[in-house]
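Following: one structure in structure tokens, then a few remarks.
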Amino acid sequence: MGNKGIFWIIIIILFYGACSLDYDAAIVADDLAKEVPNSVLYSFKNTSVRKGNPVFRLQAERAEGFDSKHEIHLQGVIFEEYNNLGEVVTQGKADRAIFYTETEDAELMGNILFYSLTEETIIYGSNLSWNNEEKTLTGKPGDEVEIRKESGTTIRGKGFSCLFREKRFIFKEQVSGYYISDEESDEESDEE
């Protein structure tokens, strides 16, 4: 191979070296765009309205919107759900939440409290997920959830799910507590 062969090899190496694209930088930019919020709001308030009536009200100390992921990340969350008459039927709070704007599902984290006014029931937990379409609230398998009814019933356990349409609570393991039937609660209030 003469000087011409070496010359062409050097030209080819320089050409391909100059044409290389930095795919790593493009990937990092895309990943960073997904992790940086499009908007940050303080004293956030959002009300979902259907047919002119409020359905759900959400408030937070801080809200970060991620348009590409269709998520709103919330801190210091307070929420209310309304019935068809516009009356509050469920109230709650959580330290943090992720609200999925396309489905209206949510993940709640931290000190969580749900209170159902119609069922006179409080639910405490640290990690709960809300499925809006199925109207179910579920806990992570290993996390304990506690339910307290105004009648005095207190039940706690793991593997929690609540089927709101059927008004059923399910615990899959480590269940403890005590149950007071509505009849016993009514008898106690009659005696007083």
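Using the Karplus curve 6.51 cos²θ - 1.76 cosθ + 1.60 with θ = phi - 60°, what ³J(HN,Hα) values do you get for each residue of segment 129-136, in whole Hz, with x for Gly and Pro?
Rounded to whole hertz, the list is 10, 10, 9, 5, 5, 8, 6, 10.
Provide the per-residue ³J(HN,Hα) series for segment 80-94, in order, calculated from phi with Karplus coefficients 6.51, -1.76, 1.60 and θ = phi - 60°, each as a whole number of Hz, with x at glycine and proline positions.
With coefficients 6.51, -1.76 and 1.60, one gets 9, 10, 10, 8, 5, 8, x, 8, 5, 10, 9, 10, x, 8, 7 Hz.
State, as an integer percentage, the relative contact order of segment 37-191 based on alpha-carbon contacts under 8 Å between residues 6 or more apart.
Once divided by the residue count of segment 37-191, the mean separation gives 12 percent.
Skipping prolines and chain starts, which residues have an amide H placed within reach, meaning under 5 Å, of the one on K140, given they are 5 or more residues away or on another chain?
Amide H neighbours of K140: N127.
In Å, what Kirkwood hydrodynamic radius results for segment 58-100 from the alpha-carbon pair distances?
11.2 Å
Every number in this text was worked out from the coordinates using simple rules, so none of it is lab data. Being a predicted model, the structure only gives us computed values, none of them experimental.
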